[in-house]
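Right, one structure below, let's go through it.
The values are calculated or read from the model by the stated rules, or taken from the named source; none is laboratory data. This is a predicted model, so every value here is computed, not measured. Don't worry about glycine lacking a Cβ; one is built from the backbone with ideal geometry, like all the others, and counts go over all protein chains shown. The area values use the complete protein model at the heavy-atom level, side chains included, leaving out ligands, DNA and RNA. Shrake-Rupley method; radii C 1.70, N 1.55, O 1.52, S 1.80 Å.
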Amino acid sequence: MNYKSILGMFTALAMAGTSCADFDPLEFQVEEPESIARQQEINAYDSLKSYISLENSPGFKLGASGSTADILNKGVMYRLLKSNFDEITLNTAMTHGSVVQSDGDLALANLLDLYEAAEQSEMGIYGRTILWNQNQNATYLNGLLAPLIVNSPPFANSLDVSSLKNGDLDGWTYSAGGGSVTIAEQEGMGGAESAIKMTSSSNASDPADLRLTSPDIPVTPGKEYEILIYIKSDVPGEGSISFEGLVDNEPLKDWMQTGTETETFATNLSWREIRFTVNDFEGEAFKINFDLGYAPGVTYNIDINNLYVYDLDGEPIINNLISNGDFENGVAWGGWGNGSTRGVTEDGEGVGNSGRAFTVTNPSLANFWAAQSIYELGSPLNNGETYNLSFWVKGDAEGIIRPEMQSPDFSSNGFGMVPVTTEWRLVNLSTTITADDRNRFIISYGEFEGTVYIDDVVLSSATLVGGTTTVVDRLPEEKTAIVEEQLEKWVSGMVEYSAPYVNAWDVVSQPMDDNNPNELKTGVGRSLANGEFYWQDYLGKDYALKAFHLAEEYGNPSDLLFISDNNLASNLDKCRGLIQYVEYLEDNGAKIDGIGAQLNIEIFTSKENIAQMFELLAATGKKIKVTELEVRINTTQVTEEIMNQQADMYQYVLDTYREKVPASQRYGVTVWGVMDSQTNTSWGQGLWDSNLNRKPAYVGFAEGLKGL
């Protein structure tokens, strides 16, 4: 149809002023402007959902995207959505990045008000989206996959582990019942130190069936001691710690700082920290029993280097001369030079995605001393003494920095050049002091262009030992297990909680690669944006299979489960690749009810391709949903012709959907961005303009709905 000129808000005619005197009306009429007349024609159209014939398209859902504010505020947008649409897709409120918190907890209760408000409006909710590569809490997930950084306590160890470090069990006793207890070299954390290796027998079922008992541990009655253990197992296992010499030798403990006291703790491929305190000593010594006989055929490793019992009130055996080396107080060190700047990151951006870090940005290369930071010590270091320096460092580029101990006259003892890469790495250095007034810790950044991040700085005398740092890289199989555990926690929790309100889900979104349309997307070798995470890089092709199985298990039996992707019309090979992937998933037991097409198109998108896309999707026999429909004009120079082309394209998509997709397969269409964007005014994709005036696109969309 021909859409005449409508360009948003139209100017009303001003009426001539009148006096109180009687007057004779003028004998002529003013013709109504065409723009006002045309807008009146558009406004005369009924609400969009009134044009859908459920006889022709039974179960058809007309949907729209909406924000949390749109639903909860119950303002103009809420009334517009309620009157025109019967299904809502929340923009990001149901995504992993919005629901999963920094500690991994799922903030599901926050969704309840949204669900209830949508239910009151009689709009159904389409679940968007369970697994995606965007809007994920990538910071939390990557933190789980980052190397484990273990700082041993800077206190004397009351537990004698000298024989263990020598490779034998002298002073220790054990019972294995057909299993074994040995010392395994290079099987401790980090692969450089040894571990106690304990394997339960094939018929183990009682905790004492695999037990290792420590030598006597001397203590001071009345004091509190912390016990620190790092343990892992080759398969899921179970363990507990009991004692000899306590008032309660089999206590319940919060072994892993979860907030709950339990009898046992679980183990798996990843090193896990067991940390708790005891103080109910009967005498001046006690023993620890490592009880690991709960399950048969499990091999446990206990790290020797970080196996500790220590007095919480004891004297530290290492004294960090830098009081704010972790920057958790948010205070940056001072500095100067070359237009450089210094600061402290947000919480969660320190090493291991935890806490804060110190940053220095040097805008250009110069002499090494041109840009510097400074930390002034309370007193000079001892002349002739050797000092150890350790810290974590990374940059947004590669380069060199130089730490040194400096005197007020600028003479110094350097620690050497430190290469900086784009990944966090631990630096351990030392230098011997050769003057009486070395009281400044200086780092020079002139040979580094960009931003340097520094964390956990420790400067201490080499005469003191303790406080070692162990870095444990995650094994590939360990990363797989971690991601799989997180996927199960996320999908099961989200679907089960939402089941009373949601009965259709976009389970997997945008799995296929645009350049390699028969392959899955990947983040490997790329610099990823915030919120970007690729589950398939750790779980492979079956990541979607796991998601569909979980969605089916934890949802309602009648739930409809979809997979969707974008650019299917512009890249027909990608459409075919998605269909092949669906076939693979179904061959392996996935329940997939429908395929969603994310049609974020332009007014000049190939209509022939759109028709072919619908033909390909319809041939699968599955329900087909247009999960995102928007026609962008991509210009701020709006003309009558462009507005008409946009209306034509909206109608064409709906007409072609009706023509190519049988009625029984038409799940519905969701309008993505019902009004023009206020942040990107060039898109102009809406059925309403940014002032909520109907556009010619509204007419095109309504005419397309009439045929359904």
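Values for this structure:
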{"read-out": "Dipole in debye (nearest 20) - the chain, about Cα centre, beta carbon charges: Lys, Arg +1; Asp, Glu -1", "value": "1620"}
{"read-out": "The stretch 437-562 shape via C-alpha gyration tensor axes, a/c threshold 1.5", "value": "prolate"}
{"read-out": "3J(HN,Hα) from dihedral phi, the stretch 138-155, Karplus parametrisation 6.51/-1.76/1.60, rounded to Hz, x for glycine, proline", "value": "5, 4, 5, 5, 5, x, 5, 8, 5, x, 6, 10, 10, 9, 5, x, x, 10"}
{"read-out": "Range in the chain, longest, excluding exposed chymotrypsin sites (Phe, Trp or Tyr not before Pro) [loop by DSSP; at most 13 other beta-carbon atoms within 10 Å]", "value": "29-409"}
{"read-out": "Average accessible surface area per residue within the stretch 568-708, 1.4 Å rolling probe, Å²", "value": "35"}
{"read-out": "Carbon and sulfur %, accessible surface of the chain computed with the full protein complex present, 1.4 Å", "value": "45"}
{"read-out": "Net length gained if the chain between ASN166 and ASN556 were fully extended (0.36 nm per residue, minus Cα distance)", "value": "134.6 nm"}
{"read-out": "Across LYS479/LYS623; LYS546/LYS623; LYS607/LYS706; LYS61/LYS591; LYS232/LYS541, pairs whose alpha-carbon gap is larger than 24 Å", "value": "LYS479/LYS623; LYS232/LYS541"}
{"read-out": "Rounded accessible area per residue of the stretch 116-259, 1.4 Å, Å²", "value": "43"}
{"read-out": "Two-decimal log10 I(q)/I(0) for the stretch 502-646, as the Debye equation yields it once each C-alpha is a single scatterer, q = 0.12 Å⁻¹", "value": "-0.56"}
{"read-out": "Farthest toward positive dipole pole in the stretch 103-198 [+1 Lys/Arg, -1 Asp/Glu at C-beta], among LEU148, ALA138, TRP172", "value": "TRP172"}
{"read-out": "Relative contact order, percent, the chain [alpha-carbon distance under 8 Å, six or more residues apart]", "value": "15"}
{"read-out": "Under-5 Å amide H pairs with ILE183, H placed in peptide plane, nonlocal only", "value": "LYS197"}
{"read-out": "Residues whose placed amide H lies under 5 Å from that of GLY297, excluding near-sequence neighbours", "value": "SER200, SER201, SER202, ALA204"}
{"read-out": "Mean residue ellipticity (222 nm) of the chain, computed from DSSP H runs ≥ 4 via -39,500 (n - 2.57), nearest 500", "value": "-6000 deg cm²/dmol"}
{"read-out": "Per-residue ³J(HN,Hα) for the stretch 62-67, Karplus 6.51 cos²θ - 1.76 cosθ + 1.60, θ = phi - 60°, Hz, x for Gly and Pro", "value": "9, x, 8, 7, x, 9"}
{"read-out": "Heavy-atom accessible area per residue - the stretch 410-551, 1.4 Å, Å²", "value": "43"}
{"read-out": "Residues whose placed amide H lies under 5 Å from that of GLY335, excluding near-sequence neighbours", "value": "ILE374"}
{"read-out": "Debye intensity ratio I(q)/I(0), log10, the stretch 562-708, q values 0.10 Å⁻¹ (C-alpha model)", "value": "-0.35"}
{"read-out": "Using alpha-carbon coordinates, inclination of helix 543-554 to the longest axis of the chain, degrees", "value": "80"}
{"read-out": "Per-residue SASA entry for LYS623, accessible area with 1.4 Å probe, Å² rounded to 10", "value": "60"}
{"read-out": "Cleavage-rule hits, GluC sites (Glu not before Pro), the stretch 162-217, DSSP coil, Cβ neighbours within 10 Å at most 14", "value": "GLU185"}
{"read-out": "Under 12 Å from LYS574, Cα to Cα: aspartates and glutamates that are on another chain or at least 8 residues apart", "value": "ASP513, ASP514, GLU519, ASP565"}
{"read-out": "Principal semi-axes in Å for the chain [√(5λ), Cα gyration tensor, largest first]", "value": "62, 35, 22"}
{"read-out": "Selection of GluC sites (Glu not before Pro), the stretch 366-407, meeting DSSP coil and at most 16 other Cβ within 10 Å", "value": "GLU385, GLU398"}
{"read-out": "Evaluated at q = 0.14, 0.15, 0.16, 0.17 Å⁻¹: base-10 log I(q)/I(0), Debye formula over Cα of the stretch 529-594", "value": "-0.49, -0.56, -0.64, -0.71"}
